[in-house]
1. What number of residues within segment 263-299 satisfy the criterion of being hydroxyl-bearing (Ser, Thr, Tyr), open to solvent by less than 70 Å² (accessible area, probe 1.4 Å) and in a helix (DSSP H, G or I)?
2. Can you name every residue in segment 169-187 that is assigned to a helix (DSSP H, G or I), more than 19 Å from Ser148 (Cβ to Cβ) and open to solvent by less than 50 Å² (accessible area, probe 1.4 Å)?
3. When you check Asp202 against the structure, is it of a type outside the set (S, T, N, Q), within 16 Å of the chain's Cα centre (by Cα) and assigned to a loop (DSSP other than H, G, I, E, B), yes or no?
4. Only one of Ser130, Ser67, Ser82 is open to solvent by less than 10 Å² (accessible area, probe 1.4 Å), in a helix (DSSP H, G or I), over 23 Å from Tyr199 (Cβ atoms) and modelled with pLDDT under 95. Can you tell me which?
5. Within segment 97-105, does at least one residue satisfy the condition of being aliphatic (A, V, I, L, M), crowded, with 17+ Cβ neighbours inside 10 Å and not in a helix (DSSP H, G or I)?
6. Would you mind telling me which numbered condition in (1) within 19 Å of the chain's Cα centre (by Cα); (2) at pLDDT below 95 Gly89 fails?
Amino acid sequence: MEEPHAAPEPRLPTPDIDIGRESHYVTLLHRCGIVRFFSFPLLKEGAVVALFKICRQDRFRDLYAHSLRTVASICCVEDGISQLDKVDGILCLADILTDESSVEAARAEAAAVVAQITSPHHTSTQHLASFLESMHDIVTALIKLCESASCGEVFLLASAALANITFFDSMACEILLQLNAIHILLQACIDRQRVDTPYSKDQVVTILANLSVLEPCVPEVLQEQGVERLLLLLGEKPSSPNPSEGAACERVQQKAAVTLARLSRDPDVAQTAIQLKAVPRLIELCRSPTERNNSDSVLVACLAALRRLAAGCPDSIEAADYQQLIKPRLVDSFLLCSNMEESFV
């Protein structure tokens, strides 16, 4: 027997706020770096309500970007997301994203809020029914923003939002395929103005990995030379000793291998990957810890991709590699490779 539905929570009243006065502090709060530290006091004072009130008035268009940046910071806590939902913040974000007269900065910051509230780290996103209602419009606006982004930061914000949404609801992947997203994203990867860091590549390959579970994805990937792009991503390496950049490169390698494994269920993809020397690169990543930055997750993903290719084209694997990387149980091959000091290929 189904449990009775709980009564909906009342919408938050709009406080009597002098927006003209309060808006002067929006940028200051964020630039001082104190928004995240004061999220709960700001929520208590109705900050989300006030900020969306600003974003609903045309006369404050110049403040949209600053206001939304502050909202994104406040929504690092789930109470912020809950308050955003209660003031119909999703509808406001959708309006800004789909308004062609909105400046790029405002749409980028709206994308940042979407990325924040759909983060897998939050649990309250499942209650955002209004997001599902606006999802088609939001996804459409975000992929357009990826296509037209004037710089890497704008692309990163838009693609991060899309990456999170593809986890949030599987229908988003179908919408993206209809919107020619594979072409847009793979073209962006060769545009250094838009995709200029491993962080952006991480978002792109996350979206591709989630799209790759859909059968119609395969011909589009082949048409857009996506297999070549995935092999380039398998070679992603940090340009500095920054641990954050190193971790991003590991995620790129792992997800590229996962995507390749999923797509290689199709014989044409598998054959293309083999012709492009995917097998030697995967073997190198398995055998050489330094090539994968000593990442176990990259190792597992590469072993899985290698086994998928070997299943369809066993002649592509040499006997010694087959005996060590394919024939044993996955866990045994993993232990063998994880204990290697360096490649002996």
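The values are calculated or read from the model by the stated rules, or taken from the named source; none is laboratory data. The model shown is predicted, which means the values in this text are computed figures rather than measured ones. Neighbour counts are summed over all protein chains in view; Cβ atoms, including those assigned to glycine, are modelled from backbone coordinates with ideal geometry. Areas reflect the complete protein model, heavy atoms only, side chains present, ligands, DNA and RNA absent. Shrake-Rupley method; radii C 1.70, N 1.55, O 1.52, S 1.80 Å.
1. Residues meeting the conditions: 2.
2. Correct list: Ala172, Cys173, Leu177.
3. Taking the combined requirement at face value, the residue does not satisfy it.
4. The conditions single out Ser67.
5. No, segment 97-105 contains no residue that is aliphatic (A, V, I, L, M), crowded, with 17+ Cβ neighbours inside 10 Å and not in a helix (DSSP H, G or I).
6. Unmet for Gly89, out of (1) within 19 Å of the chain's Cα centre (by Cα); (2) at pLDDT below 95: (1).
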